[in-house]
Amino acid sequence: MAHHKYTLAETGPKIEAFLHKILPLAGLQLTFTISEGETPHPDFENPDLMVRFQGSDVDMLLENKAELLLALEHVTMEAMGAHSDEHSRIC
């Protein structure tokens with residue numbers, strides 16, 4: 001089954017709007033950039049889009065086996081209305 005392709009032009013602004021809303025509510029000091037996905041390890045994952053975080057709270061995202069980062073990724077995909085099978089499309 002072919003999956004929906006997430007594009008920077010179509011999905012990028014939605015992700016940006018969501019993160020600009022949720023990051024301050026969570027009290028996280030983070031900035032981010034959204035770019036087209038890269039394929040450094042095509043056997044593992046092949047995301048359409050990648051969000052890279054910077055800022056003083058990046059270490060917090062990576063604590064406890066990146067629990068907060070994974071949760072943020074999950075709620076972002078839910079906010080985009082993505083099917084759970086598509087959650088690896090945005091990293």
**Request:** Would you be so kind as to identify which of His20, Ile90, Leu69 lies farthest towards the positive end of the dipole of the chain, taking Lys and Arg as +1 and Asp and Glu as -1 on Cβ and the Cα centre as origin?
**Result:** His20
**Item:** Cα radius of gyration and Dmax for the chain (Å)
**Value:** 13.0, 41
**Message:** Can you bin every Cα-Cα distance in the range 50-91 into 5 Å intervals starting at zero and give me the percent of pairs per bin, rounded to whole numbers?
**Reply:** 6, 22, 29, 23, 14, 6, 0
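Computed from the coordinates by the stated procedures, all read-outs in this text should not be read as laboratory data. Nothing here was measured: the structure is a model prediction, and the numbers come from that model. Counting neighbours? That spans all protein chains shown, and the Cβs are built from the backbone with ideal geometry, glycine included.
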